[in-house]
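The values are calculated or read from the model by the stated rules, or taken from the named source; none is laboratory data. Everything quoted here is computed from the prediction, not taken from an experiment. For neighbour counting, all protein chains shown are included, and Cβ atoms are generated from backbone atoms with ideal geometry for every residue, glycine included. Each accessible area value is taken on the protein alone, full model and side chains, heavy atoms only, with ligands, DNA and RNA left out. Shrake-Rupley method; radii C 1.70, N 1.55, O 1.52, S 1.80 Å.
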Amino acid sequence: MVKNLKVLIRGLLAPVIGFSLAKDWQTAKLKTSGYEGDATLDSLASRIESLATPEKLPHDERLVEIAKAFRDSTNQNKDSQPIRVLDIGGSFGEHFFHLQKLMPEHHFDWTVLETEGHCSIIPEFLTSIKGLRFISEPPASDQHFDIALLSSVIQYVDAPYDLLTMALQISDSVIINRLPLSPYAKDRVAIQRPGLLGSKGSYPVHIFSETAFTEYLEPIAEIRSRWMVPQDSAVIRFKYIENQGFLLKPRLNTSV
């Protein structure tokens, strides 16, 4: 009953905060401020102060399954070379700090791939931290990583399947988290407003068909584990859509 009431309220508020369906990706882009709009970047910048003391970052329940997927991916790598991670859309590298605390037995060589706009607001104290770097261009195809992490990211890019395939091509394992999978027969596009009336920006987002997404994965990746992310959800036209996570192992014939 309580859940149904929350879904009803979020559905009613969708035009001003939350998710509302759009005709297509291009239409959604034209109706939103985008990922590098002033409101979005200002909202991101408000988190910088907490990173000055990363040891005080609050625990996030969503990290439990990510840490488990990291351990499942690195159980052959204990006490050896640093684990090379490509954190696609990794913002200010928060996962780097969290995983250091959760997996103290490992060392990380952590690369965050972000947009130019996001990289432009990364403070100097973060760029000077050993083992953490930020880039705004995809790595060369001859670079290789132990793990590619995509947490709440592929749904926000123009060509999500191309990005996922690229990650599978250059990594031994791929961890996806906070991915919206719906009961729709086909992928849909929505406009997301994380703040009231676009106060924190607005941007287009893919809402993937669970059936279509898993069918896409079948020839290019093995699903090693899968979990729900109850802390994140979308309500699309009064339908509750819970985000999910995956640990993927690339198949040898992965190609775009």
Using Cα pairs under 8 angstrom and six or more residues apart, how large is the relative contact order of the stretch 161-205, in percent? 23
Cut-off 10 angstrom, C-alpha nodes, Gaussian network model of the chain. Which of Asn75, Asn177, Asn243 fluctuates the most? Asn75
Under the definition of Cα pairs under 8 Å and six or more residues apart, what whole-number percent is the relative contact order of the stretch 111-215? 22
State, as an integer percentage, the relative contact order of the stretch 1-121 based on alpha-carbon contacts under 8 Å between residues 6 or more apart. 23
Given a 1.4 Å probe, how much area per residue of the chain is accessible, in Å²? 51
Taking a probe of 1.4 angstrom, what is the accessible area of Val64 in Å², to the nearest 10? 70
Sparse-neighbourhood loop hits (trypsin sites (Lys or Arg not before Pro), the stretch 160-256; DSSP loop; Cβ within 10 Å at most 16 others) -> Lys186, Arg237, Arg251
Residue-wise, which Karplus ³J(HN,Hα) couplings in Hz belong to the stretch 152-162, taking 6.51 cos²θ - 1.76 cosθ + 1.60, θ = phi - 60°, and x for glycine or proline? 6, 9, 5, 6, 9, 10, 4, 10, x, 6, 5
So which lysines pass the test for Lys101, namely a Cα distance under 23 Å, with those fewer than 8 places away in the same chain ruled out? Lys56, Lys68, Lys78, Lys130
Note down the magnitude of the dipole of the stretch 1-79 about its Cα centre, charges +1 on Lys and Arg C-beta and -1 on Asp and Glu C-beta and zero elsewhere, to the nearest 20 debye. 440
Taking a cut-off of 22 Å between Cα atoms, list the lysines near Lys239, but don't count ones fewer than 8 places away on the same chain. Lys3, Lys6, Lys23, Lys186
Work out which GluC sites (Glu not before Pro) in the chain are exposed loop sites (DSSP not H, G, I, E or B, at most 11 other Cβ within 10 Å) and give the longest gap free of them. 106-256
Where both residues lie in the chain, what percent of DSSP beta bridges are antiparallel, nearest 5? 55
Overall form of the stretch 118-209 per C-alpha gyration tensor (a/c, 1.5; a/b vs b/c): oblate
Quick check: at a probe of 1.4 Å, how many percent of the accessible area of the chain sits on carbon and sulfur atoms? 53
How far, in nm, would the chain grow between Tyr240 and Val16 when pulled straight, counting 0.36 nm per residue and subtracting the alpha carbon separation? 78.9 nm
Residue-span extension gain [Asp42 to Lys68] - 0.36 nm each, minus C-alpha spacing: 6.1 nm
Which of the three applies to the stretch 1-66, rounded, prolate or oblate, going by the alpha-carbon gyration tensor with a ≥ b ≥ c and a/c under 1.5 meaning rounded? oblate
What distance in nm separates the simple spin-label points at Lys6 and Asp158, each placed 7 Å from Cα in the Cβ direction? 3.6
Can you list the aspartates and glutamates whose alpha carbon sits under 12 Å from that of Lys200, skipping same-chain ones fewer than 8 residues off? Glu36, Asp38, Asp42
List the residues, sorted by chain then number, that are 5 or more residues from Ala22 or on another chain and whose placed amide H is less than 5 Å from its amide H. Val189, Ala190, Ile191
